[in-house]
Amino acid sequence: MRSAVIVFPGSNREMDMVAALEQASGKKPALVFHKDTELPEVDLIVLPGGFSHGDYLRAGAMAARSPVMAEVRRRAEKGVPVLGVCNGFQILTEAGLLPGALMRNASLRFVCKNVTLRCENAQTLFTGAMEAGQRMTVPCAHMDGNYFADADTMKRLEDSGGIAFRYVDGEGRTTEEANPNGSLDNVAGVFNETKTVLGLMPHPEDATDPLHGGTDGRALFHGLAEALA
Amino acid sequence: MTDTTKTPGITPEIVAEHGLKPEEYRKVLEIMGREPNLVELGIFSVMWSEHCSYKSSKVWLKKLPTQGPQVICGPGENAGVVDIGDGMAAIFKIESHNHPSFIEPYQGAATGVGGILRDVFTMGARPIMNLNALRFGSPDHPKTRHLVSGVVAGIGGYGNCVGIPTVAGEVNFHPAYNGNILVNAMTVGLAPADRIFYSAAAGAGNPVVYVGSKTGRDGIHGATMASAEFGEDSEEKRPTVQVGDPFTEKLLIEACLELMATDAIVAIQDMGAAGLTSSSFEMASKGGVGVELDLDRVPLREEGMTPYEIMLSESQERMLMVIKPGREELTRGIFEKWDLDFAVIGRLTETGKMVLRWHGEVAGELPIDPLALASPEYDRPWTPTTPPPPLDPASLPERDPLEALETLIGCPDLASRRWIWEQYDHLVMGNTVVRPGADAGVVRLPAECGGGKKGLAAKVDCTPRYCLADPVQGGRQAVAEACRNLYAVGARPLAVTNNLNFGNPEKPEIMGQLVGCLQGMGEACRALGAPVVSGNVSLYNETEGKAILPTPTIGAIGLVEDVARIPGAGLAEAGLALVLLGR
Amino acid sequence: MKAKVHVTLKPGVLDPQGKAIHHALGALGFQGVEEVRQGKVIELELAETDRARAEAALDEMCRKLLANTVIENYAIELTD
Amino acid sequence: MKAKVHVTLKPGVLDPQGKAIHHALGALGFQGVEEVRQGKVIELELAETDRARAEAALDEMCRKLLANTVIENYAIELTD
Ligand SMILES: Nc1ncnc2c1ncn2[C@@H]1O[C@H](COP(=O)(O)OP(=O)(O)O)[C@@H](O)[C@H]1O
């Protein structure tokens, strides 16, 4: 699997992502700067976490309009898989590559802690190494992770397997306490219609080494490496 | 001279407004050989403020142990540098932002984090962890809640955005801080041991370069304010508060580290308190050179700024560098790539003087060494604190141990701090091995440093109650506690940094606390082999004549040989024996 | 020419900031606050002197950047 | 009664958001934008029907919560 990680001004988890991708695929991802208009030929494009442009105006708003995103969009339209994590997810919604929007956390506070995710659709190239309903513990760290979409969009997502992950408690229930940011229906991640673009708020890349305190995040990267080998 | 600098004459009131005592002003006249203009007076005032000159503490700071085989650079530079093996060095320092945080908790704390980050990456290090030590007033004081939530949000708002994990800290509550909270922020960074950058300017003719954000009218006279006692009306004065821009700081880190990988930089210094004044003076003074600045070239945010304002502005996210001739375009290219301001604003000279030009005229001309080195130094009178006699346990009322335990666990000083550190990104960079909630924070070092096995541990500690009762013991205890927290995660202490937060040093009993704490701190550092390599002094922490508790915060770092073998703090299973060590 | 762009959340979109302010006002003892919504104002100074052209440019700025039309409405006001 | 509270940064206070928006508009090809400042509008619905009393209450809300008067100015507008 050849991959590229896009570095926006203010990205800060690009190296965490590089480490996780390299561990799963054995190949070093290419780092691409936001001002570049050309992307190398890759099997996967990743938008990492951080505070692109300081998250000023709206999280991800300015990055979504940067030169490199025009090329990301073209590739996505051709079917090249795109993964956005945290700020990457915010950028993808701002760019219109994923439905909905990510608003300020309901607590109005930044939240950094472990959350439990439930895989809602295991039939995609991102989730091939998971089982439907499988639970994973991974950290989250964000200020604007409160997922919102209008009722029609939510229904369409629900009906088409567009919801990738939900926040759940230890028993797998979508409770309010398990939801770190007030997201609608505990949504933690969504797919586009073709299931080739995935955005999620938590950080599987920070749960890939026993020293991280857990390795549940590996499933995503190993699944991708297998699907895109 | 231009009209802006031609002042009608410096009156005793103007001198007093600038925080200079009459005898200090006499020294100004002596050094200048004439009456200074307002720009020059402003420069003296910030350079000789307690904040920049350490005039009350210098005598005593000299007695601290600062040497050791691991020490690459002790106090005197932007931060301390210690060898951690494998050709790498840890660079770290702690700094206070107490008064600004009381006035505007979010921005005050945020810019405190920004300032300490700059102190560390100025020396060539990539910051790898942040810590913070906070003291607030009584939990039921009407202001406390607002201050706590603002400070915590500000620390998180800045550090999270820049992308440095905040891995440990400390929080206390005591009524003595009701009107004067303490916000001490610490940063630890990592650099190749042979690529450390210093601030001493060198090479007459070399260009002086300004990079980062534009200069505005932020916090003018913040440095003198931070050294003056708080009056009841301080909230009304509402000085121009600095607003932090963590996004620009992040770009500044990346751009500076990129430039540092080339051979362009001769010297570099961040513009902290007293901005352009102290950075240019310190660089020139350390290098024994003169400097000429063309203030017309300083990137400005606002129209109509005067030389006085430009020299004294405390706008954040700015750096000053001396670069090699011919490297201007290389430097410009890197800063423009990161969308930052870049300007050649002057050059070094052999005159030993600072000359400020403005609209084609000389707006100020000052001798560098007499001003920088002859800043006042006081051996202030002090009286030692008499420690109270030890408590007789028999004199204490009987209490049910379980009840007492519950009270303790529930008290504000011991209750869980989870709600604080969950607002800090403590995992970014992917190397956090021990998260907040344990004894000390630990981050894994990169593979080139010990093959990915080594880690760096850090913790901040101080128990002000002890320091009040017995400063010497309190000073010892702060060092001992910080180091114990390192041992508890399997780290060997390397060195410490300290933040001396005290009241008004002109009072002998306060000066006595400072002297006592420093004595105890020095003894403990010697005993534990952890020299003091950097620090910060914050005096005049008083409201209406009442001082805070003496608070010499210690920030300690230590090396973990194998991060896979760090003992956990949890009780792993039933049936294991509990052992009490020590006495 | 000076302009103000008002960006507000669409009706029906949850407003966490407004909700938190509402709650805090109650806690501070302010009675009778029935609803609170928070929006943004972006004040711009434009070199353009023609009102129609300024409005057209601002409209494009809003659609391209200043507002997220999935959740937000915007209104443009020229102030001189 | 409906009210709008406009909260803006005091002149001279750094506005990182405005600065970033300004920069982004330039990158998107919008020429001739000379300055950008970002502020907030808080829209409130009050049970109070007396204008003077509403204004007094709003002023207190601003000083106590809605504006950070160290760095921000506020203006109150009753809209019906
Ligand atoms: N302001 C803070 N920021 C980050 N972590 C904090 C802060 N205050 C306390 N902590 C963390 O909470 C835990 C308890 O702190 P402390 O009471 O100082 O520990 P101890 O007294 O056991 O050394 C530690 O892990 C500490 O790092």
**Message:** Could you work out the percent of alpha carbon pairs in region A:33-142 separated by over 19 Å, rounded to a whole number?
**Reply:** 52 percent
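Just to be sure I understand: if you take the accessible area of chain D alone plus chain A alone and subtract the pair, with a 1.4 Å probe, what total do you get in Å², rounded to 100? Before the final figure, lay out the partial values.
Details: alone 5780 and 9890 Å², together 15150 Å².
Looking at D and A, the buried total is near 500 Å².
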**Request:** Take the solvent-accessible surface of the protein heavy atoms, probe 1.4 Å, and return the percent of it on chain D that carbon and sulfur atoms account for.
**Result:** 46 percent
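Keeping all protein chains in place, calculate the accessible area per residue for region D:2-79 (probe 1.4 angstrom), answer in Å². Write down the numbers at each step before the final one.
Numbers: 3610 Å² over 78 residues.
It amounts to 46 Å² per residue over region D:2-79.
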**Fill in**
Losing no less than 30 Å² of accessible area (probe 1.4 Å) relative to the isolated chain, the residues of region A:36-71 are A:F51, A:H53, A:Y56, A:L57, A:R58, A:M62, A:R65
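Between B:E403 and A:E158, take the C-beta separation as r, use R0 = 60 Å, and let me know the FRET efficiency to the nearest 0.05. Present the calculation step by step, with values, prior to reporting the outcome.
Numbers: r = 52 Å, r/R0 = 0.87.
Result of the calculation: an efficiency of 0.70.
Ignoring ligands, DNA and RNA, what percent of the accessible area of region B:293-419 is carbon or sulfur (1.4 Å)? Don't skip to the end; give the middle numbers.
Details: 4090 of 7080 Å².
The computed percentage sits at 58.
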**Request:** Could you rank B:W338, B:W421 by how accessible they are, 1.4 Å probe, largest area first?
**Result:** B:W421, B:W338
**Request:** Largest first and in whole Å, give the semi-axes of region A:3-227's equivalent ellipsoid, each being the square root of 5 times a Cα gyration tensor eigenvalue.
**Result:** 23, 20, 17
**Asked** Taking a point 7 angstrom from the Cα of B:Y487 along the C-beta vector, which residues in region B:529-571 have backbone N less than 20 Å away?
**Response** B:529-532, B:554-563, B:565-571
**Complete:** Given Cβ charges of +1 for Lys and Arg and -1 for Asp and Glu, the option among B:A488, B:M260, B:V344 whose Cα lies farthest towards the positive end of the dipole of the protein assembly as shown is B:A488
**Asked** For chains D and C, what's the summed buried accessible area, probe 1.4 Å, to the nearest 100 square angstrom?
**Response** 2500 Å²
**Request:** Could you check what % of the DSSP bridge pairs in the protein assembly as shown are antiparallel, to the nearest 5?
**Result:** 80 percent
**Prompt:** So how much slack lies between B:E361 and B:A447, counting 0.36 nm per residue of separation and subtracting their Cα-Cα distance, in nm?
**Reply:** 25.5 nm
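If you count only protein heavy atoms with a 1.4 Å probe, what accessible area per residue comes out for region A:3-227, rounded to a whole Å²?
Numbers: 7660 Å² over 225 residues.
Accessible surface, normalised per residue, equals 34 Å².
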**Prompt:** Which one of B:Y424, B:C525, B:V241 has its Cα pushed farthest toward the positive end of the charge dipole of chain B, where Lys and Arg give +1 and Asp and Glu give -1 at the Cβ?
**Reply:** B:C525
**Signed unit charges on C-beta, dipole axis of chain A, positive-most listed residue A:Q123, A:P202, A:G172** = A:P202
**Request:** With a 1.4 Å probe and all protein chains in place, put B:W60, B:W48, B:W419 in order of accessible area, largest first.
**Result:** B:W419, B:W60, B:W48
**Request:** Based on a Kirkwood Rh over C-alpha pairs, give the Stokes-Einstein translational diffusion coefficient of region D:2-79 at 4 °C and viscosity 1.567 mPa s in µm²/s.
**Result:** 91 µm²/s
**Fill in**
Heavy-atom accessible area with a 1.4 angstrom probe orders C:Y74, B:Y210, most exposed first, as C:Y74, B:Y210
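Using only Cα atoms, what is the ratio of the radius of gyration of the protein assembly as shown to 2.2 N^0.38 Å? Please list the in-between numbers first.
Values: Rg = 28.2 Å, N = 972, 2.2 N^0.38 = 30.0 Å.
My calculation over the Cα atoms of the protein assembly as shown gives 0.94.
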**Prompt:** Put a dot 7 Å past each Cα toward the Cβ at B:A16 and D:E72; how far apart are the dots in nm?
**Reply:** 3.8 nm
**Request:** Using only protein heavy atoms and a 1.4 Å probe, report how much of B:K324 is accessible, in Å² to the nearest 10.
**Result:** 80 Å²
**Nearest-0.05 FRET efficiency for A:Q134 and D:Q31, computed from C-beta distance (R0 56 Å)** = 0.60
**Request:** Between D:K64 and A:A151, with labels modelled 7 Å along Cα→Cβ, what's the label distance in nm to one decimal, could you check?
**Result:** 3.7 nm
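Please work out how much length the chain gains when fully extended from B:T386 to B:E561, using 0.36 nm per residue of separation minus the C-alpha to C-alpha distance, in nm with one decimal. Write down the numbers at each step before the final one.
Values: separation 175, 0.36 × 175 = 63.00 nm, distance 4.24 nm.
Working it through step by step, the gained length comes to 58.8 nm.
Expressed as a fraction of 2.2 N^0.38 Å, the rule-of-thumb size for a compact globular protein of N residues, what is the C-alpha radius of gyration of region B:475-534? Can you show the working numbers first?
Working: Rg = 12.8 Å, N = 60, 2.2 N^0.38 = 10.4 Å.
Normalised Cα radius of gyration, region B:475-534: 1.23.
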**Prompt:** Heavy-atom accessible area of B:V298 with all protein chains present, probe 1.4 Å, nearest 10 Å²?
**Reply:** 10 Å²
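Tell me: how much accessible area in total is hidden between A and B, 1.4 Å probe, Å², nearest 100? List each step's numbers first, then the result.
Values: alone 9890 and 23740 Å², together 31430 Å².
It comes to approximately 2200 Å² buried between A and B.
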**Message:** Keeping all protein chains in the complex and leaving out DNA, RNA and ligands, what accessible area do you get for B:I31 with a 1.4 Å probe, in Å² to the nearest 10?
**Reply:** 40 Å²
**Request:** Report the label-to-label distance for B:Y378 and B:D339 in nanometres (one decimal), using points 7 Å from each Cα along the Cα→Cβ vector.
**Result:** 4.7 nm
**Asked** Excluding same-chain residues fewer than 8 positions from B:K21, which lysines have a Cα within less than 20 Å of its Cα?
**Response** B:K55, B:K58, B:K507
**Asked** About its Cα centre, how strong a charge dipole does region C:2-79 have in debye, to the nearest 20, once Lys and Arg get +1 and Asp and Glu get -1 at the Cβ?
**Response** 160 debye
**Item:** Within 10 Å of each Cβ in A:135-144, the average number of Cβ atoms from other chains
**Value:** 3
**Prompt:** Ignoring any ligand, DNA or RNA, what whole percent of the accessible area of region A:3-227 comes from carbon and sulfur when the probe is 1.4 angstrom?
**Reply:** 47 percent
**Paramagnetic label zone (point 7 Å from Cα along Cα-to-C-beta, B:R145; backbone N under 13 Å) in region D:39-74** = D:65
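Please give the charge dipole size of region A:117-163, origin at the Cα centre, charges +1 on K and R Cβ atoms and -1 on D and E Cβ atoms. Round to the nearest 20 debye. Write out the running numbers ahead of the final one.
Working: 4 positive and 7 negative charges, 36 e Å.
Here the size comes out at about 180 debye.
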**Those residues of region B:389-431 for which accessible area with every protein chain present is at least 10 Å² below the isolated value (1.4 Å probe)** = B:W419, B:E422, B:Q423, B:D425, B:H426, B:L427, B:V428, B:M429, B:G430
**DSSP-loop trypsin sites (Lys or Arg not before Pro) across region B:352-453, with at most 14 other Cβ within 10 angstrom** = B:R399
**Complete:** With +1 at each Lys and Arg Cβ and -1 at each Asp and Glu Cβ, the charge dipole magnitude of region A:3-227 around its Cα centre, to the nearest 20 debye, comes out at 320 debye
**Message:** Need the list of lysines near C:K4 for cross-linking: C-alpha distance under 29 angstrom, and skip anything on the same chain fewer than eight residues off.
**Reply:** B:K214, C:K19, C:K40, C:K64, D:K2, D:K4, D:K10, D:K19, D:K40, D:K64
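The values are calculated or read from the model by the stated rules, or taken from the named source; none is laboratory data. What you see is a predicted model; the values in this text were computed from it and never measured. Virtual Cβ from ideal backbone geometry, glycine too; neighbours counted across all protein chains shown. For the accessible areas, the whole protein counts, side chains as well, though only heavy atoms, and no ligand, DNA or RNA atoms are used. Shrake-Rupley method; radii C 1.70, N 1.55, O 1.52, S 1.80 Å.
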